[in-house]
Amino acid sequence: MKLFTIGHTKKNLQTFVRLLREAGVDAVIDIRLNNTSQLAGYAKKDDLSFLLETYLNIRYRHVPELAPTKELLAQYRVDKDWEAYESGFAQIMRERDGGCVAVDALSGFERPCLLCSEHDPDKCHRRLVAELVVNLTAGVEVVHLK
């Protein structure tokens, strides 16, 4: 399986769609905690789902169990301590059995893409979820779309 990740911030709709098409993505797995905010623009849940499924033949699935908690996000915004964030997120995933949730969310797809808002995957939980999947599933290659 090839597992893609993408962040919608700093991408206009044209770039976002081009990246998904060129990668041959067959499903977008939305792992954002808040996917209905006005700040999401074209990536608001209902609009994105409609666009992907109606015009691009890409399935859409929202899996908030793979998102950080509000508390963890708030703490990171204050202290910018990425190591503490990673540790906290790993604990949350253990408590939620996030490995099973992630593998289940991706099942049935050959080229799924994890969606979050952060532009850069280096300090984004989508990279952490992708790494969790790699550790639990043989033969997974991760590609971050930028």
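The values are calculated or read from the model by the stated rules, or taken from the named source; none is laboratory data. This is a predicted model, so every value here is computed, not measured. Glycine gets a Cβ as well: all are built from the backbone with ideal geometry, and neighbour counts include every protein chain shown.
Can you pull out the residues in the stretch 35-45 that are in a helix (DSSP H, G or I) and either more than 14 Å from L115 (Cβ to Cβ) or free of Cβ contacts under 8 Å to residues at least 12 places away in the same chain (or both)?
First, the residues of the stretch 35-45 that are in a helix (DSSP H, G or I): 38-43, 45.
The answer is Q38, L39.
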Of (1) buried (at least 18 other Cβ atoms within 10 Å of the Cβ); (2) farther than 20 Å from G7 by Cα, D104 fails just (1)
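Look through V129, V142, V133 and report the one residue that is within 13 Å of the chain's Cα centre (by Cα) and not in a helix (DSSP H, G or I). Break it down stepwise before answering.
Details: V129 fails: not in a helix (DSSP H, G or I); V133 fails: not in a helix (DSSP H, G or I).
Selected residue: V142, the only one of V129, V142, V133 that is within 13 Å of the chain's Cα centre (by Cα) and not in a helix (DSSP H, G or I).
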Check off (1) within 17 Å of L128 (Cα to Cα); (2) touching a helix residue (DSSP H, G or I) at 6+ places or on another chain (Cβ under 7 Å) for Y42 and give me the number that stays unchecked.
-> (1)
Long-range neighbours under 6 Å by Cβ, at least six apart or interchain, first residue without any contact (Cβ under 8 Å) to a residue 40 or more places away in the chain and at negative phi within the stretch 47-67, second small (G, A, S) and outside any strand (DSSP E or B) = Y60/S49
Do the conditions hold for V78, that is, is it among the hydrophobic types (A, V, I, L, M, F, W, C) and closer than 13 Å to L3 by Cα?
-> no
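Sort through K80, K123 and tell me the only one that's under 15 Å from the mean Cα position of the chain (by Cα), among the basic types (K, R), over 18 Å from T137 (Cα atoms) and exposed (fewer than 15 other Cβ atoms within 10 Å of the Cβ). Working first, answer last.
Numbers: K80 fails: under 15 Å from the mean Cα position of the chain (by Cα).
The match here is K123.
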Members of the stretch 1-49 found to be of a type in the set (S, T, N, Q) and closer than 17 Å to R59 by Cβ, listed by number | T5, N35, S49
Restrict the check to the stretch 56-67 and report whether at least one residue is modelled with pLDDT of 95 or more, part of a helix (DSSP H, G or I) and of a type in the set (S, T, N, Q).
-> no
Taking the stretch 38-77 and keeping only residues that are of a type in the set (G, A, S), more than 20 Å from R18 (Cα to Cα) and more than 16 Å from the chain's Cα centre (by Cα), one is left with A74
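Let's see how each residue does on (1) of a type in the set (S, T, Y); (2) closer than 25 Å to S49 by Cα; (3) out of contact with any Phe, Trp or Tyr (no Cβ under 6 Å at 6 or more places or on another chain); (4) not in a strand (DSSP E or B):
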site: E95; (1), (2), (3), (4): no, no, yes, yes
site: C100; (1), (2), (3), (4): no, yes, yes, yes
site: F109; (1), (2), (3), (4): no, yes, yes, yes
site: L115; (1), (2), (3), (4): no, yes, yes, no
If only one of Q14, Q75 is among the polar types (S, T, N, Q) and closer than 22 Å to V143 by Cβ, which one is it?
-> Q14
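Residues are listed down the side, and each one gets a yes or a no for (1) modelled with pLDDT of 95 or more; (2) outside any helix (DSSP H, G or I); (3) surrounded by 18 or more Cβ atoms within 10 Å (Cβ to Cβ):
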{"residue": "T9", "(1), (2), (3)": "no, yes, no"}
{"residue": "F16", "(1), (2), (3)": "yes, no, yes"}
{"residue": "L19", "(1), (2), (3)": "yes, no, no"}
{"residue": "I29", "(1), (2), (3)": "yes, yes, yes"}
{"residue": "L33", "(1), (2), (3)": "no, yes, no"}
{"residue": "D47", "(1), (2), (3)": "no, no, no"}
{"residue": "F50", "(1), (2), (3)": "yes, no, no"}
{"residue": "Y76", "(1), (2), (3)": "yes, no, yes"}
{"residue": "F89", "(1), (2), (3)": "yes, no, yes"}
